[in-house]
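So the structure is just underneath, and the comments pick up after that.
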Amino acid sequence: MDRLISYILRNGLPALFLVIFLEYACFPISSEVILPFCGFISKINSVSFPVIFLISVIAGVLGTLVCYGIGYILGYKLINAISGRFPTMEGKLNRSFTFFNKYGSFAVCLGRMIPLVRTYISFVAGITKMNFLRYTVFSALGISLWNFVLIWLGFKLGDNIDIISKWYNTYKHYLIPFLIITITATVYISKKKHFQYK
């Protein structure tokens, strides 16, 4: 991870775009480290926060479309290939399918904030042939929310970025469900009010 951070510092915004793209394309890169660091870069280099945020969202959406495309083209053959080569991943994939079947399009949005699910949800959406435009919109929503929170933390807390990373890794299993419940409740209440006014 230190090498990736050094790479971003040396090469600027193009490197930042590439690293975020690879992270969302399921390469083993931690967004919980990279995204707050992007906010920190925005602060120390006087790069506009909206610019950093926009780059991160575009890179994230394009990266996740790679996984969606692979799932769409290979279909259930991909599941068999992954399960055959990495048997331990079969359970994780099944959980992602269960989550997707339960929440539908919202799974693509909310799944961006759940460890493991966020890794496989793009493949699952592709395999199930989810509508491309719908997938892209809900992915962009989830990516925007996730990226904004982490980049904002890095921007605001700056020099304490290491502390934030350690705190997040310790409490993420409590924080993420809280965020999901809050978002789900907000969507439900908004829909309920909308139907009441009709």
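Bear in mind these aren't lab numbers, they're just calculated from the coordinates by the rules spelled out. As the structure is a computational prediction, the values presented were derived from the model and not from experiment. All Cβ positions, even for glycine, are placed from backbone atoms using ideal geometry, and neighbour counts span all protein chains on display.
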(message) For a quick check: sort MET89, MET130 by the number of other beta carbons within 10 angstrom, fewest at the front.
(response) MET89, MET130
(message) Take SER30 and ILE44, extend 7 Å from each Cα along the Cα→Cβ direction, and tell me the distance between the two endpoints in nm.
(response) 1.8 nm
(request) Provide the gained length on full extension for the span LEU18 to ILE58, in nm with one decimal, where the gain is 0.36 nm per separating residue minus the Cα-Cα distance. (result) 13.3 nm
(request) May I ask you to list the residues of the stretch 92-106 whose amide nitrogen lies under 19 Å from a point 7 Å from Cα along the Cα→beta-carbon direction of LEU133? (result) 105-106
(request) Set the Förster radius R0 to 35 Å, insert the Cβ-Cβ distance between PHE148 and MET89 as r into 1/(1 + (r/R0)^6), and round the FRET efficiency to 0.05. (result) 0.75
